[in-house]
Amino acid sequence: MQASLNENAPIIETVGASKAFAGKEAVSDLDLSVPAGLCYGLLGPNGAGKTTTLRMLYGVTQPTRGLIRVFGMDVARETRAVRARLGVTLQDNVMIESLSPRDNLTIFGRHHLIPEALLSRRVDELLQFLELGSHADMQVLKLSGGFKRRLAVAMSLLNDPELLILDEPTTGLDPAVRHALWSKIRELKSGGKSILLTTHYMDEAERLCDRVMIIANGKSIRQGAPRDLIASELHPEAIEFDCAPAEEQRLFKLVAGDCVKLRSGNRLMVFAEDATPVLDAVHQLDGGDRRPVIVRPANLEDVFLSVTGTQLGDGQ
Ligand SMILES: Nc1ncnc2c1ncn2[C@@H]1O[C@H](COP(=O)(O)OP(=O)(O)OP(=O)(O)O)[C@@H](O)[C@H]1O
Ligand SMILES: [Mg+2]
């Protein structure tokens, strides 16, 4: 059998995608290529351009320049055909607060023109999948943030999309709800869906995403698998302690060998191949008065801070 020409085509592809508001580019020359079947994370500080990028992908915002293809189709020309095959959970929940989760799902399903018999089965399945059954018939305004977020995700799954776009799916949720949503996202991925998400939680990105792109000021600054980014940007051991800027020079004179540092206020993080010489240097610096020191593996949050900075910028 002849292989389809598009078999390995990315499910999302942007070429030089740019979006300007009042002459200022919120997204600049973004080249994104997301293969089908992955969970891909779009990361970046507040105002980096993540939501604007997602809005271009599902066709509510037109790029000022560049091309955006989803499922191999030009989103600007084939907006309806693209939207029929994707599901979107917006950054802010959009639902009718005076109605119940069941009614919200039903109304949204009718909007998708899902036949009634299929719709009522689908609503029941989604209420069960997102563990909303106990609150299915309560008014949404009486539900906690965790229930509302799960309902928003359920609504984005009504049309059984091939691609799910999640804009900060777990912001503001408690740890148990975050873990529960992560396991649902994993289930969706293993069921064959492609997922594009944004998050400010780097542990979430590290757990869920096969690949990430870090953007800042609308531009891509790094991309790759979380583990590869950590290995290429930093040394594996992170040593974290309080150290006044004035002490820093003395400390680094005591540490032989190559290390990378990151500072946020008085907090210093040093990344080294081996933590031992750094720990020895910190103890020498102390003059016997041991300060608390944390030693841990370097992680994606360290990479994020090292490439986007630890100072508050304009967008934040
Ligand atoms: N409709 C709009 N009109 C004018 N400027 C806008 C509009 N939408 C977004 N922007 C600007 O574009 C930039 C990127 O915004 P965007 O919402 O895409 O960032 P984000 O990465 O999603 O941020 P956050 O993490 O805070 O959600 C910001 O400077 C924002 O103020
Ligand atoms: Mg956003």
- Members of the stretch 243-267 found to be in contact with a Pro (Cβ under 8 Å, 6 or more places away or on another chain) and surrounded by 12 or more Cβ atoms within 10 Å (Cβ to Cβ), listed by number: Val255, Arg263
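Output yes when any residue across the stretch 241-259 is in contact with a His (Cβ under 6 Å, 6 or more places away or on another chain), assigned to a strand (DSSP E or B) and at pLDDT below 95, and no when none is.
Within the stretch 241-259, not a single residue is in contact with a His (Cβ under 6 Å, 6 or more places away or on another chain), assigned to a strand (DSSP E or B) and at pLDDT below 95.
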- Query: Considering the stretch 287-307 alone, what residues qualify as being part of a helix (DSSP H, G or I) and either exposed (fewer than 13 other Cβ atoms within 10 Å of the Cβ) or in contact with a strand residue (DSSP E or B) (Cβ under 8 Å, 6 or more places away or on another chain) (or both)?
  - Reply: Leu300, Asp302, Val303, Phe304, Leu305, Ser306, Val307
- Residues of the stretch 62-84 being surrounded by fewer than 19 Cβ atoms within 10 Å (Cβ to Cβ), of a type outside the set (Asp, Glu) and in contact with a Leu (Cβ under 8 Å, 6 or more places away or on another chain), which ones? Gly66
- Evaluate the stretch 87-109: report whether one residue or more is in contact with a strand residue (DSSP E or B) (Cβ under 8 Å, 6 or more places away or on another chain), away from ligand 1 (no atom under 16 Å from the Cβ) and modelled with pLDDT of 95 or more. yes
- Filter the stretch 45-61 down to the residues that are over 16 Å from the mean Cα position of the chain (by Cα) and surrounded by fewer than 23 Cβ atoms within 10 Å (Cβ to Cβ), then identify the one that is farthest from ligand 1 (Cβ to nearest atom). Gly59
- Query: Only one of (1) under 19 Å from Gln91 (Cβ atoms); (2) surrounded by fewer than 18 Cβ atoms within 10 Å (Cβ to Cβ) fails for Leu173. Which number is that?
  - Reply: (2)
- Query: Among the residues of the stretch 109-152, how many are over 25 Å from the mean Cα position of the chain (by Cα), aliphatic (A, V, I, L, M), under 22 Å from Leu164 (Cα atoms) and part of a loop (DSSP other than H, G, I, E, B)?
  - Reply: 2
- Return yes when Thr106 is in a helix (DSSP H, G or I), within 16 Å of ligand 2 (Cβ to nearest atom), of a type outside the set (A, V, I, L, M) and farther than 18 Å from Ile195 by Cβ and no when it is not. no
- Task: Any residue in the stretch 138-161 that's assigned by TED's automatic domain parsing to the domain that holds Ile96: show its pairings with residues that are surrounded by fewer than 20 Cβ atoms within 10 Å (Cβ to Cβ) and acidic (Asp, Glu) at Cβ separation under 8 Å, as long as the two are six or more apart or on different chains.
- Result: Gln139/Glu97; Val140/Glu97; Leu141/Glu97; Gly146/Asp174; Arg150/Glu131
- Message: With the requirement that a residue be within 28 Å of Arg227 (Cβ to Cβ) and either of a type in the set (S, T, N, Q) or in contact with an Asp or Glu (Cβ under 7 Å, 6 or more places away or on another chain) (or both), what does the stretch 274-292 give you?
- Response: Asp274, Ala275, Thr276
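Please find, within the stretch 241-282, the residue that is nearest to Asn299 (Cα to Cα) out of those that are polar (S, T, N, Q) and touching a residue at least 24 places away in the same chain (Cβ under 8 Å).
Among residues in the stretch 241-282 that are polar (S, T, N, Q) and touching a residue at least 24 places away in the same chain (Cβ under 8 Å), the one nearest to Asn299 (Cα to Cα) is Ser264.
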- Item | Complete set of residues in the stretch 60-103 that are in a loop (DSSP other than H, G, I, E, B), free of Cβ contacts under 8 Å to residues at least 24 places away in the same chain and among the basic types (Lys, Arg) | Arg77
- Do you know which residues across the stretch 181-215 are acidic (Asp, Glu) and surrounded by fewer than 17 Cβ atoms within 10 Å (Cβ to Cβ)? Glu187, Asp203, Asp210
- Item | Thr14 more than 13 Å from ligand 2 (Cβ to nearest atom) and either within 20 Å of Ile195 (Cβ to Cβ) or part of a helix (DSSP H, G or I) (or both) | yes
- Query: With (1) surrounded by fewer than 19 Cβ atoms within 10 Å (Cβ to Cβ); (2) within 30 Å of Leu105 (Cβ to Cβ) as the list, and Leu42 as the residue in question, which single condition is left unmet?
  - Reply: (1)
- Residue within the stretch 30-41 that is within 16 Å of ligand 1 (Cβ to nearest atom), in the same structural domain as Arg186 (by TED's automatic domain parsing) and not in a strand (DSSP E or B) present: no
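The values are calculated or read from the model by the stated rules, or taken from the named source; none is laboratory data. Keep in mind that this is a model prediction, so the values were computed, not measured. So basically every Cβ, Gly included, is an ideal-geometry build from the backbone, and we count neighbours across all protein chains shown.
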